[in-house]
C-alpha cells in the first residue's frame, strides 16, 4: 500500500491530490507557498478549479513542511516549469523541489514527474539530483517515472479523470506500478510511451502543435482583415472539410502553450537543431499585442481605454503570461488612461488599474480580449452605457459579432 | 435544362465531368491537351483516378475544339493554377482558358470557377476577362460563381461525391442554381460562403493548414532524431490526447499543398501583410530534400543510389512538384550513380533514370520516399537481394519499420 505525496499544488498537483484522496489513499499535499497551503487547508482553491464543497469532502494533509514527505513512498512532482524574462526555460523551482525531496527518498520509493520538461531532463538532470541527495541509485534502490500532465484549465469536458494519460518509467515493473495507480485515478486509457524521453517530447509536441495552429490563424486573420473579409466566415466554410481543424485567432497566454515551445527551442539549440517554424509561431503569437496596440493608437486618439478581460483564457482566474496584461503595459506606455476589468482574474488589482464594473464609464476604446461567459451575456444597452459616442470596440474573441448596428454610433472591429 | 462544359480535364475537371455525365446531363469535356483528349476518348485516364470501365459507362464529349463550348450554357473551370520556377503564382493558363471561354459566353450563362486562386482573383481578374471578351456584363447578363475543388488524389475514402462543397456566387439566384447542380453531383453538404473571396480564402487556408502541420512534424522529427527518439513513437502517444492531430513527417509535393501557400504569400505581399509563418513552413518542407541528401552524402560514399518512389504521394501516378524528383536532381549533381524506380508514376523514364525492378541490383543507398502499397508489401528477402552488404536504407515514410535486424547487415534509418 502506497502513501502518496504530491509536490506542487497548482492546478495540476491539486487535481492529482484530489483524485488520489477520492480513492481513499493517504495523501500529503506539499507546496512551499504558505498562502496556498492556508487557503487549501480551508478548502479554498483560488484557481476556482475545484470548489470548496468538493474539497471539503476529501482528506488531504496540506503542508509546507518538507519533513512530512518522509511519510510517503510514492511521489508526484507537479512543479510549474516557466520561462524567465528572456523567455528561456527556468526549471529552478523544479530542481529545488527535487532537491528537497531527495533527502526523503527511501529504498523502493517511486517518483513520478508530471511537470513539462524538455526531452532528456528527467534522466539527465532530475535523476542525478535525486541520486545525489539520497545517496541511493535510481532504477535499483528507487524508481522514477514520467507522466506529462494534460490538464486544460477551464475545460469542463476534459479533465484529469477523462483524459488519456501517457506514462513512461525507468523499467517495466515501475511502469506497471505507475499504470495501476493512474488507472485508479482516471477513467481513460493509460498509454505506455517507449521511453521517458518519448513521453517528455509528446507533451511538448502537443502544445507546440496548438501554438503553431493558433499562430497560423492569427497570421491568416491579419491577411483576411486586410482583404476585407472575416476569418470567422472563412473558418465557417473551411471546417466543412473533414480534415480541417477549426482553430481561431486570439491572444495566446498561460503556462503551457506560450511556454513549452521555448523548452523545445532551447533544447534544440543546445543540440544544433534549427527550429525556425516553432520560433516563428511564437513571434507571430506574441506580436498580436503590437497588432492590437496599433489598432488602438493609429489614426485616432484612443481616449479612455478599457481592457475587458485579463485571464489568459476564458472562464479561468489564471493570468500567467496573459497577453492582455502585456497589452495593458504596452498601452500604458503609449497613452494616458488605460484601465482593466475582469471579475474572475486572480491578480493584484492595482498592478493593472483594475476597476469595478460600476465605476466604469465614458470609455472611448473598449478592447475585449477574452470570451468570459459573463462578457458574452452583457446586454448591448449596458455596454453602450459605458461607451462614449463613436467609441471603438475591438472584439478579439468575436463575441459581440452582429450585435451593433449603425444606429449604435460605435465603431466595431473584429477579425 | 443546362448543357454543361468542363474546361480543363485534370483530376478535378474529369471528376466533375464524370459526375455530371453519371447524372445524364449533356457534358462537353474540353482540354487543350490533344494527347489527354485522345486518351479520354479511349476512356483512358492516365492519372488512374477513374478506371476505363467506369469511363466507358458514361457519355462525355471530349474535345479540344473551343467552338464546342458554344453549345454549353453552364461552365465549370478546372484549370491547374501552378507556380513558376521562382515559386510565384502562375495563372496564365487559367486566364487563357477564361479568355477562350469569353468568346462563347451568352446571356444567362453560368460560370463556376473551381481552380484554386488567391482571394479576389475571380472578381478582380477573371470576371474582367469574361466581360471584355463577351462584351456582356457579369451579374446582369451572365453569372459567375466560385467553388473550390477539394479533391484529394488517391484518397479512396474522400472524393468529389462525399466531400462537402463550398460555393459562392455573385448573387443569390446564381448561388441557388449552382447549389442545385452540386446537390445532384455530390452526396454531402453544400456550404454557402458569404462571398466569393471567402470561398477563395477557405481553400487556400485548408491547404496552408496542412502544409504548416506537416512542416511542424518535419521540424520536430529532425529534433527527435537528434535526441535519439523516433517521432513515430512520440506521435503514437501524443495522439491519445483528444485534440492532437497526428500529422507525420514527409516530402510535401503535388499541385496543392506546396503551391497554394505561394498564392497567399504573393497576395499578402501585394497587400503589405507579412506571412512569416506560412513562408517558413514552405522553407522547412522544401529543405527536407537537403536534409535527406545530407543523410546520403555525409560521412560515407553513397555508392549506387536508388530512389524508390517518384509520385508526390502514395498510390497515385502524379509527379507534379514531387520532392523525390527534386531529390533525384540534387543527388545527381553530387554523386555518380543515382537511379529511380516507381511502377505507377506517370513520367518520362529517361528524365529520372528510371529502371525496371528486375534490372536493379547492388544498391548501396536505398531511399524510400513514398509509401506505395506495393512497396509496403515488398518481402524483406527481395529487398535484401537488391542491396549490397552494409547498404544504407533511408525510409522516409517509415514503411520498413522493425523489419531489419542486425543479421541483415544493413543500416536502417527512419525518423
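The values are calculated or read from the model by the stated rules, or taken from the named source; none is laboratory data. Note that the coordinates shown come from a computational prediction; the quantities given were computed from them, not determined experimentally. Cβ: placed from backbone, ideal geometry, glycine included. Neighbour counts: every protein chain shown.
Here are some notes:
Yes/no matrix, rows are residues, columns are (1) assigned to a strand (DSSP E or B); (2) touching a helix residue (DSSP H, G or I) at 6+ places or on another chain (Cβ under 8 Å):
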{"site": "A:148", "(1), (2)": "no, yes"}
{"site": "A:152", "(1), (2)": "no, no"}
{"site": "A:158", "(1), (2)": "no, no"}
{"site": "A:167", "(1), (2)": "yes, yes"}
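- Applying the condition of being farther than 22 Å from residue B:247 by Cβ and in contact with a helix residue (DSSP H, G or I) (Cβ under 9 Å, 6 or more places away or on another chain) to the stretch A:251-261 and asking which residue is surrounded by the most Cβ atoms within 10 Å (Cβ to Cβ) yields A:251.
- Residue that is farthest from the chain's Cα centre (by Cα) [pool: residues in the stretch A:392-415 that are part of a strand (DSSP E or B) and touching a residue at least 40 places away in the same chain (Cβ under 8 Å)]: A:392
- Yes/no for residue A:47 being in contact (Cβ under 8 Å) with a residue 40 or more places away in the chain, in contact with a strand residue (DSSP E or B) (Cβ under 7 Å, 6 or more places away or on another chain) and more than 14 Å from chain B (Cβ to nearest Cβ): no
- Note on the stretch A:236-250: among residues that are in contact with a helix residue (DSSP H, G or I) (Cβ under 7 Å, 6 or more places away or on another chain) and more than 7 Å from every other protein chain (Cβ to nearest Cβ), the one that is farthest from residue B:152 (Cα to Cα) is A:250.
- Selection from the stretch A:185-206 of residues that are over 17 Å from residue B:246 (Cβ atoms), more than 8 Å from chain B (Cβ to nearest Cβ) and part of a helix (DSSP H, G or I): A:185, A:196, A:200
- Output for the stretch A:143-163, where each listed residue is at the interface with another protein chain (Cβ under 10 Å from one of its Cβ atoms) and crowded, with 18+ Cβ neighbours inside 10 Å: A:148, A:150, A:152, A:163
- Some residue of the stretch B:111-124 being surrounded by fewer than 21 Cβ atoms within 10 Å (Cβ to Cβ) and over 24 Å from the mean Cα position of the chain (by Cα): yes
- Screening residue A:261 with (1) closer than 30 Å to residue A:323 by Cα; (2) part of a helix (DSSP H, G or I); (3) within 10 Å of chain B (Cβ to nearest Cβ) gives one miss only, at (3).
- Among the residues of the stretch B:7-17, not one is part of a strand (DSSP E or B) and either modelled with pLDDT under 95 or outside the structural domain of residue B:50 (by TED's automatic domain parsing) (or both).
- The listed residue being surrounded by fewer than 16 Cβ atoms within 10 Å (Cβ to Cβ) and either touching a strand residue (DSSP E or B) at 6+ places or on another chain (Cβ under 7 Å) or outside the structural domain of residue A:234 (by TED's automatic domain parsing) (or both), out of A:409, A:361, A:402: A:409
- Of the residues contained in the stretch B:122-133, none is found to be out of contact with any strand residue (DSSP E or B) (no Cβ under 6 Å at 6 or more places or on another chain), within 11 Å of chain A (Cβ to nearest Cβ), over 24 Å from residue A:223 (Cα atoms) and not in a loop (DSSP other than H, G, I, E, B).
- Hey, residue B:251 assigned to a helix (DSSP H, G or I) and at negative phi or not: no
- Test for residue A:367: is it in the same structural domain as residue A:234 (by TED's automatic domain parsing), over 23 Å from the mean Cα position of the chain (by Cα) and under 13 Å from residue A:304 (Cα atoms): no
- Test: residue in the stretch A:50-63 that is surrounded by 17 or more Cβ atoms within 10 Å (Cβ to Cβ) and part of a helix (DSSP H, G or I): yes
- Meets criteria (under 24 Å from residue B:228 (Cα atoms), touching a strand residue (DSSP E or B) at 6+ places or on another chain (Cβ under 6 Å), surrounded by 21 or more Cβ atoms within 10 Å (Cβ to Cβ) and within 14 Å of chain B (Cβ to nearest Cβ)) for residue A:166: yes
- Test for residue B:119: is it over 21 Å from residue B:9 (Cβ atoms), touching a helix residue (DSSP H, G or I) at 6+ places or on another chain (Cβ under 8 Å) and outside any helix (DSSP H, G or I): yes
- Within the stretch B:33-41, not a single residue is crowded, with 18+ Cβ neighbours inside 10 Å and either within 18 Å of residue B:117 (Cα to Cα) or at pLDDT below 95 (or both).
- So residue A:214, is it out of contact with any strand residue (DSSP E or B) (no Cβ under 8 Å at 6 or more places or on another chain), surrounded by fewer than 24 Cβ atoms within 10 Å (Cβ to Cβ), not in a loop (DSSP other than H, G, I, E, B) and not assigned by TED's automatic domain parsing to the domain that holds residue A:81: yes
- Of the criteria (1) in contact with a helix residue (DSSP H, G or I) (Cβ under 6 Å, 6 or more places away or on another chain); (2) facing another protein chain (nearest Cβ under 8 Å); (3) surrounded by fewer than 18 Cβ atoms within 10 Å (Cβ to Cβ), which one residue B:233 fails: (3)
- Selection over the stretch A:64-99 of residues that are in contact (Cβ under 8 Å) with a residue 60 or more places away in the chain and either outside any helix (DSSP H, G or I) or surrounded by 18 or more Cβ atoms within 10 Å (Cβ to Cβ) (or both) gives a count of 17.
- Number of positions in the stretch B:286-309 that are in a loop (DSSP other than H, G, I, E, B) and touching a helix residue (DSSP H, G or I) at 6+ places or on another chain (Cβ under 7 Å): 2
- When B:274, B:283 are checked against the criterion of being outside the structural domain of residue B:165 (by TED's automatic domain parsing) and outside any helix (DSSP H, G or I), B:274 stands alone in meeting it.
- Among the residues of the stretch B:321-334, those that are buried (at least 18 other Cβ atoms within 10 Å of the Cβ) and assigned to a loop (DSSP other than H, G, I, E, B) comprise B:321, B:322.
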